[in-house]
Amino acid sequence: MKAKNAFLMVAGLALIAGACSKSDDPVEELLTLENEVKSTEMAEVLGDSCVFTADLRAEEEAGLLLMREEEKLAHDVYVTFYGKFGHIVFKNISNSESAHANAVAYLLDGFNVEDPALDGVGEFTNEAFQTMFSDLVEKGSVSLTEALKAGALIEETDIADLQKLIEATDNETIKRVYGNLLRGSTFHLKAFTGILSRYGVSDVPTVLSQEDFDAILAGSSTDDEEDPDTSTGTFTPGTGVCDGTGPNAG
């Protein structure tokens with residue numbers, strides 16, 4: 001537990017240091033709002049609120065393993081695109097995805113499930129993610145707009161998978177993390193589609209239904225709903241480490 005607390009403290013300091021100031025850029029403001037909301041919630045955290053006493057079903061364990069590598073996939077693709085195109089959106093969102101991956105890793109550790117993630121960028125235990133990484137980087141490397149489309153596709157996939165996993169579990173600790181990661185993915189999807197629109201490109205959903213896609217883009221960024229809504233990705237912000245908005249999340 002000491003190691004966990006140290007990890008949370010370091011991650012929390014990094015999150016505070018990464019918070020940026022307001023900008024005239026609406027996309028930058030969207031990402032800034034995401035960080036500010038999470039930083040405010042983090043300031044209220046007094047200790048470890050995770051509950052790891054329940055036994056996970058095989059499906060729940062598989063879901064955590066999936067999301068650990070899926071969040072790493074997003075991070076690795078965005079880091080790669082930032083290196084190629086230098087667009088700040090990839091840097092900002094890759095930092096957030098790293099924190100999301102760490103949040104899932106924290107759950108794996110708490111439930112004594114072996115972490116499948118490998119250290120190298122573009123290296124995955126799950127061969128499906130290995131293939132996805134190669135395909136996404138190849139397609140996105142053609143141009144900045146194609147890279148932004150790849151980012152939107154990743155976030156769509158993340159949203160769809162998180163919605164399914166939330167419905168499939170009764171574990172409140174996992175639900176809280178997934179819910180807030182889902183909210184983060186809606187911020188990211190809005191950011192990518194917002195930049196694409198500036199280039200005159202209207203992104204067409206390939207994973208989500210058009211109805212759900214439109215609802216997410218039209219939804220509020222303040223998350224002031226009382227109850228979670230998995231159709232729009234809106235979730236009430238939590239105040240605990242284990243809700244995916246504390247020091248181990250971004």
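V142: exposed (fewer than 15 other Cβ atoms within 10 Å of the Cβ), at pLDDT 95 or above and farther than 17 Å from L65 by Cβ, yes or no? Show your work before the answer.
Values: exposed (fewer than 15 other Cβ atoms within 10 Å of the Cβ): yes; at pLDDT 95 or above: yes; farther than 17 Å from L65 by Cβ: yes.
So V142 passes the test.
Residues of the range 119-133 that are more than 20 Å from the chain's Cα centre (by Cα) and either touching a residue at least 12 places away in the same chain (Cβ under 8 Å) or under 9 Å from L73 (Cα atoms) (or both): none at all.
In the set E36, E114, E41, E59, only one residue is at pLDDT below 80 and open to solvent by 20 Å² or more (accessible area, probe 1.4 Å); that residue is E36.
The values are calculated or read from the model by the stated rules, or taken from the named source; none is laboratory data. Computed from a predicted model, the values in this text were never measured in an experiment. With ideal geometry, Cβ positions are generated from the backbone for all residues, glycine too; neighbour counts draw on all protein chains shown. The accessibility values were calculated without ligands, DNA or RNA, using every heavy atom of the protein model including side chains. Shrake-Rupley method; radii C 1.70, N 1.55, O 1.52, S 1.80 Å.
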